[in-house]
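In what follows, a structure is listed as structure tokens, so that the remarks can point back to it.
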């Protein structure tokens with residue numbers, strides 16, 4: 001083995017490689033400006049592509065961390081009243097109740113009620129009171145944690161079964177309790193006391209659902225008061241099916257939903273003096289839709305939603321095109337500079353041909369020089385991206401995990 005290595009290093013191939021490297025290093029040091037321009041131009045082009053690639057992958061991987069993402073849907077309403085028409089994930093409480101009771105295909109259903117700006121207070125024994133206005137406190141059905149399967153650091157998916165219980169994220173546990181044990185502590189939400197019964201792992205930034213605190217919907221009278229309503233559109237409704245969804249199974253299930261609306265909605269409309277059937281005959285719409293979680297972030301930018309983080313597929317496609325154009329321009333610039341330089345080295349090529357260098361060896365040398373410059377540009381751009389990326393995130397105001 002050692003003999004073979006020596007033959008390679010000191011034999012014909014080894015001598016040729018050493019010759020290529022020696023000539024390449026000599027050319028780089030003799031023309032530092034050319035080398036700097038070539039490496040810098042290609043590096044910045046690659047760096048721009050790194051940024052765009054990270055952003056595109058981030059947008060495309062929303063909710064993929066959830067184990068059952070391909071079985072989960074957000075429930076939406078496509079509404080038309082007069083000249084106003086649109087789709088919203090703001091749904092009535094009764095819709096979730098009927099979906100859960102009437103359709104055996106559904107394994108789990110959970111409704112979400114946004115509590116809005118909430119005053120959260122924790123009074124430490126013998127110490128000053130900690131109090132903050134929080135905007136990510138939501139009331140959810142006790143099935144919420146089972147539906148999404150968020151990772152629990154303490155407690156389990158049944159943590160919201162008890163009344164006056166609260167589940168919070170690790171970040172909120174540190175914020176309010178510091179190094180103290182959070183489990184079992186009491187904390188006030190708008191002066192109502194709740195007991196910490198679970199801590200969920202901090203959510204990834206690419207989660208469509210974001211929250212800091214989870215509280216049981218049963219502890220909020222307003223939700224119970226409007227449980228009958230098909231008009232009070234103040235809840236988000238999520239369903240998890242027993243089987244993974246396909247385009248065909250989803251369409252087949254959605255085809256059943258108009259009958260449910262026709263069966264239950266008219267009575268509740270009548271309670272407020274409205275005739276549901278007459279409104280539909282006049283051209284109004286009240287259609288239930290299901291939006292697959294795996295497609296939710298990028299494919300429904302036009303819907304109205306309070307709780308779901310939505311992106312734009314067209315914007316992502318635009319960034320892909322921009323990235324390709326930038327990379328092509330960087331490559332064209334690199335080729336042009338290399339071509340211009342090779343023309344200046346015509347004298348060197350002529351001398352080497354005279355000394356017996358073959359066409360293939362000359363091509364090999366030029367290719368090796370180009371490969372080394374590309375490799376240096378690649379390494380430099382990756383290193384520079386790691387340094388600049390946190391600054392870029394702060395400037396443009398996005399949360400992306402570059403890993």
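How many residues, within the stretch 76-95, are free of Cβ contacts under 8 Å to residues at least 24 places away in the same chain and within 25 Å of the chain's Cα centre (by Cα)?
Residues meeting the conditions: 0.
Can we say residue 48 is modelled with pLDDT of 85 or more, outside any helix (DSSP H, G or I) and either buried (at least 17 other Cβ atoms within 10 Å of the Cβ) or not assigned by TED's automatic domain parsing to the domain that holds residue 255 (or both)?
Criteria not met by residue 48.
Would it be correct to say that residue 201 is touching a strand residue (DSSP E or B) at 6+ places or on another chain (Cβ under 8 Å), over 21 Å from residue 104 (Cα atoms) and either modelled with pLDDT of 95 or more or surrounded by 12 or more Cβ atoms within 10 Å (Cβ to Cβ) (or both)?
Against the criterion (touching a strand residue (DSSP E or B) at 6+ places or on another chain (Cβ under 8 Å), over 21 Å from residue 104 (Cα atoms) and either modelled with pLDDT of 95 or more or surrounded by 12 or more Cβ atoms within 10 Å (Cβ to Cβ) (or both)), residue 201 qualifies.
Among the helices (runs of 4 or more DSSP H) confined wholly to the stretch 80-194, which include 3 or more residues that are over 26 Å from residue 268 (Cα atoms) and at pLDDT 95 or above?
Passing ranges, in order: 144-148, 170-177.
Can you list the helices (runs of 4 or more DSSP H) found entirely within the stretch 208-308 that contain at least 2 residues being more than 30 Å from residue 319 (Cα to Cα)?
221-225, 247-254, 257-271, 276-281
With respect to residue 178, determine if the residue is over 30 Å from residue 284 (Cβ atoms), out of contact with any helix residue (DSSP H, G or I) (no Cβ under 8 Å at 6 or more places or on another chain) and loosely packed, with under 15 Cβ neighbours inside 10 Å.
For residue 178, the condition - over 30 Å from residue 284 (Cβ atoms), out of contact with any helix residue (DSSP H, G or I) (no Cβ under 8 Å at 6 or more places or on another chain) and loosely packed, with under 15 Cβ neighbours inside 10 Å - is met.
Considering only the stretch 281-303, state which residues are buried (at least 17 other Cβ atoms within 10 Å of the Cβ) and touching a strand residue (DSSP E or B) at 6+ places or on another chain (Cβ under 7 Å).
Answer for the stretch 281-303, where residues must be buried (at least 17 other Cβ atoms within 10 Å of the Cβ) and touching a strand residue (DSSP E or B) at 6+ places or on another chain (Cβ under 7 Å): 286, 288, 289, 290, 291, 292, 293, 296, 300, 303.
Output the residue which, of all residues in the stretch 62-76 that are part of a loop (DSSP other than H, G, I, E, B) and out of contact with any helix residue (DSSP H, G or I) (no Cβ under 9 Å at 6 or more places or on another chain), is surrounded by the fewest Cβ atoms within 10 Å (Cβ to Cβ).
Restricting to residues being part of a loop (DSSP other than H, G, I, E, B) and out of contact with any helix residue (DSSP H, G or I) (no Cβ under 9 Å at 6 or more places or on another chain), the top hit is 67.
When residue 33 is evaluated against the numbered criteria (1) assigned by TED's automatic domain parsing to the domain that holds residue 111; (2) exposed (fewer than 14 other Cβ atoms within 10 Å of the Cβ); (3) assigned to a helix (DSSP H, G or I), which criterion, by number, is the only one it fails?
Checking residue 33 against (1) assigned by TED's automatic domain parsing to the domain that holds residue 111; (2) exposed (fewer than 14 other Cβ atoms within 10 Å of the Cβ); (3) assigned to a helix (DSSP H, G or I), the one that fails is (1).
All but one of (1) in contact (Cβ under 8 Å) with a residue 24 or more places away in the chain; (2) in contact with a strand residue (DSSP E or B) (Cβ under 7 Å, 6 or more places away or on another chain); (3) surrounded by fewer than 16 Cβ atoms within 10 Å (Cβ to Cβ) hold for residue 208, so report the exception by its number.
Going through (1) in contact (Cβ under 8 Å) with a residue 24 or more places away in the chain; (2) in contact with a strand residue (DSSP E or B) (Cβ under 7 Å, 6 or more places away or on another chain); (3) surrounded by fewer than 16 Cβ atoms within 10 Å (Cβ to Cβ) one by one, residue 208 breaks only (3).
The values are calculated or read from the model by the stated rules, or taken from the named source; none is laboratory data. Predicted model, so just to flag it, every value in this text is computed and none were measured. Reconstructed Cβ throughout: ideal geometry from the backbone, glycine too, with neighbour counts over all protein chains shown.
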